[in-house]
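Before any comments, here is the structure.
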Amino acid sequence: MNRLTTIALSSALIIALSGCERPKAAGMEKPPEGPVPITTTQVKLGNFPAVLEATGQTQAYNTVQIYARVSGYLQKRAYTEGSRVEKGSTLFSIDPSDLKNSLLNAQAAYDLAIANHTNAKAALNRIKPLASANAASAQDLDTATANERNTAAAVAGAKASLEQAKLNLSYTTIKAPISGFVDRSKVDVGTYVVAGASGLLTTMYQSDPIYVNFTFSENQKLARQNAIASGKLIAPKDGKYTIELILSDNSTLLRKGSIDFIAPFIDSTTGNITYRALVDNSDHKLLPGQFVRVKVKGMEWSNALYVPQKTVMTGDKGKFVYVVEANNTVSPRPVITGEWVDENILIESGITTNDKIAADSLPKLRPGSEVIPNGTK
């Protein structure tokens with residue numbers, strides 16, 4: 001190939017390439033010229049759900065520490081550590097040998113007391129008619145009466161000791177006081193355990209229902225109180241709320257519950273007030289000590305303005321919506337938004353119920369764009 005041919009081919013290639021336009025990336029196309037077909041929506045007025053959001057942590061409904069009530073060698077652990085057990089299930093057994101002997105001694109002492117009392121009653125019954133016939137002295141009658149009372153008291157004492165011995169023997173079988181999950185054993189089998197504060201064996205957790213603790217700032221509490229007092233915010237009449245919990249994996253759990261405790265003081269270190277909700281946990285998906293994001297639902301904003309969330313755009317100067325003017329052009333209207341629930345968002349200011357706003361084709365719109373409204377959603 002000679003030099004002239006090479007130059008000719010190169011020139012042809014340059015001309016061909018210069019005649020091709022590079023395709024534009026998606027979203028970089030120019031907005032279409034002419035009116036844009038859109039659907040409009042009216043600004044709505046009505047009660048709008050109010051949502052309280054906070055970070056919370058779950059807490060067992062009951063936390064019960066299991067202690068040995070009698071001393072002895074730990075003979076058996078009868079549960080699987082970390083498992084759920086029913087109330088009344090056996091957790092531990094303590095060697096009952098010594099306490100069985102104590103029970104036998106208590107039974108013998110009681111039997112002896114009964115025999116002594118029987119004899120004392122018989123002696124009193126014999127001496128009463130003799131004393132009435134002056135065949136026995138008053139002193140003899142007093143002595144017999146006192147002996148009968150003393151032996152009756154001895155019977156009562158022996159019976160109490162016998163009952164205590166029975167109780168002590170029953171304490172060698174340690175049963176679950178509640179239904180719930182059981183922690184690891186604090187004592188190995190074969191260890192001598194001592195009754196009382198040093199005899200902790202394990203801990204049980206009842207997690208159905210379960211508590212959720214969370215906090216709000218003093219300012220948030222005051223704002224809610226003022227809104228309720230002014231009638232802008234309506235609290236549920238029965239005090240029942242829906243508690244929405246977002247877990248660490250962003251999954252959501254809906255729980256019925258009620259706020260059953262509000263701290264009567266403000267934490268001086270954080271400026272927050274602690275709330276506690278009691279929620280259903282029959283499926284045991286929540287564990288004590290679990291961190292969750294809390295949404296408390298059940299209150300409503302009264303006579304509030306709201307629009308579909310998708311109609312609100314974000315620009316350099318903040319949030320805005322495209323209002324459809326009388327001449328079928330659109331103009332951006334700055335708005336201040338509040339809470340959003342599902343598909344709608346609360347509008348605190350910027351538009352009125354008389355305004356129609358663009359509900360779709362929003363990426364194609366610019367300030368002053370002509371539109372063709374094709375109906376209202």
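The values are calculated or read from the model by the stated rules, or taken from the named source; none is laboratory data. In this text the structure is predicted, and so the values were computed from the model without any measurement. Cβ placement follows ideal geometry from the backbone for every residue including glycine, while neighbour counts extend to all protein chains displayed. The protein model used for the area step is the full one, side chains on, heavy atoms only, and it has no ligands, DNA or RNA in it. Shrake-Rupley method; radii C 1.70, N 1.55, O 1.52, S 1.80 Å.
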Mind grabbing the accessible area of GLU218 for me, 1.4 Å probe, Å², rounded to tens?
80 Å²
As a test of reading the structure, rank TYR205, TYR275 by solvent-accessible area (1.4 Å probe, protein chains only), most first.
TYR205, TYR275
Other residues with Cβ under 9 Å from the Cβ of SER185 give, with Lys and Arg +1 and Asp and Glu -1, a net charge of 0
What FRET efficiency comes out for the pair THR118/GLU81, r = Cβ-Cβ distance, R0 = 51 Å, nearest 0.05?
0.45
For the pair ILE262 and SER97, how long in nm is the line joining their label points, each one 7 Å along Cα→Cβ?
6.2 nm
Placing +1 at every Lys and Arg Cβ and -1 at every Asp and Glu Cβ, with all other atoms neutral, what dipole size does the range 209-344 have around its Cα centre, in debye to the nearest 20?
140 debye
Whole-number accessible area per residue in Å² for the range 144-289, which is evaluated in the context of all protein chains at 1.4 Å
55 Å²
Unit-weight point scatterers at every alpha-carbon of the chain, Debye formula, q = 0.08, 0.10, 0.12, 0.13 1/Å: log10 I(q)/I(0) is -0.75, -0.90, -1.04, -1.11
Which of TYR61, TYR322 is most accessible, then next, and so on - probe 1.4 Å
TYR61, TYR322
Set of aspartates and glutamates with alpha-carbon distance to LYS237 below 12 Å, sequence-local pairs under 8 removed
GLU300
Heavy atoms of VAL189 accessible to a 1.4 Å probe, total area in Å² rounded to 10
80 Å²
Work out, step by step, the length gained on full extension between SER230 and GLU218: first 0.36 nm times the residue separation, then minus their alpha carbon distance; give nm to one decimal.
2.5 nm
Order of exposure, largest accessible area first, which applies to ILE336, ILE114 with probe 1.4 Å:
ILE336, ILE114
Given a Förster radius of 51 Å and the C-beta distance between LYS128 and GLN107 as r, what FRET efficiency does 1/(1 + (r/R0)^6) yield to the nearest 0.05?
0.95
Charge dipole magnitude, Cβ of K and R +1, D and E -1 - the range 314-377, Cα centre, debye nearest 20
220 debye
How much of the accessible area of the range 36-107, probe 1.4 Å, is carbon plus sulfur, in whole percent?
44 percent
With all protein chains modelled, accessible area of LYS175 [1.4 Å, Å²]:
110 Å²
Between GLN42 and LEU287, Cβ-based FRET efficiency (R0 45 Å, step 0.05) works out to 0.45
Please work out the Cα center distance from the range 157-207 to the range 261-340, rounded to the nearest Å.
49 Å
Over 21 Å (Cα to Cα) among LYS186/LYS285; LYS240/LYS297; LYS76/LYS186; LYS44/LYS221 -> LYS186/LYS285; LYS44/LYS221
